[in-house]
Amino acid sequence: QVQLVESGGGLVQAGGSLSVSCAASGSIFSINTMAWYRQAPGKQRELVAAITSGGNTDYGDCAKGRFTISRDNAKNTVYLQMNSLKPEDTAVYYCAASITRTFEAITRRYWGQGTQVTVSS
């Protein structure tokens, strides 16, 4: 069993900052890429940012210059620091991770339950 648990969402005013985190737990052998996605009402889910186990990062256009993704491999945790938030950043933010479970030979993508981020104008 593998679980991804997000925390840290909430309500913030435009221009403010917010940090969310996601911890993976369970029978984990290794974690490759960890990522954040978001989905606003009526819109498709989009990539916010991703980070490999080696620390290479990739950002969606919505995040470039404002958000920073990081991870702590020892804690199986990924973080997303969001600055200069805008009302259009309002969405449910989902954590995703490519995980190989102990005693399994394949890598699966796991998703967290999502955390709401609301930016007021």
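Quick notes on this structure:
- Strands (runs of 3 or more DSSP E) wholly inside the stretch 1-58 containing at least 1 residues that are surrounded by 14 or more Cβ atoms within 10 Å (Cβ to Cβ) and touching a Cys at 6+ places or on another chain (Cβ under 8 Å): 2-7, 18-26, 28-39, 46-51
- Of the set (1) more than 13 Å from residue 34 (Cα to Cα); (2) over 15 Å from the mean Cα position of the chain (by Cα); (3) loosely packed, with under 13 Cβ neighbours inside 10 Å, all apply to residue 113 but (2).
- Per the conditions (1) within 17 Å of residue 3 (Cβ to Cβ); (2) without any contact (Cβ under 8 Å) to a residue 24 or more places away in the chain; (3) among the β-branched types (Val, Ile, Thr), the sole criterion not satisfied by residue 20 is (2).
- Residues within the stretch 1-43 that are out of contact with any Asp or Glu (no Cβ under 9 Å at 6 or more places or on another chain), more than 16 Å from residue 63 (Cβ to Cβ) and among the polar types (S, T, N, Q), tallied: 7
- Members of the stretch 59-78 that are of a type in the set (Lys, Arg) and either at pLDDT 95 or above or open to solvent by less than 50 Å² (accessible area, probe 1.4 Å) (or both): 66, 71, 75
The values are calculated or read from the model by the stated rules, or taken from the named source; none is laboratory data. Small disclaimer: the values here were computed from a predicted structure and weren't measured. Because the Cβ atoms are built from the backbone with ideal geometry, glycine has one as well, and the counts that use them run over all protein chains shown. The protein model used for the area step is the full one, side chains on, heavy atoms only, and it has no ligands, DNA or RNA in it. Shrake-Rupley method; radii C 1.70, N 1.55, O 1.52, S 1.80 Å.
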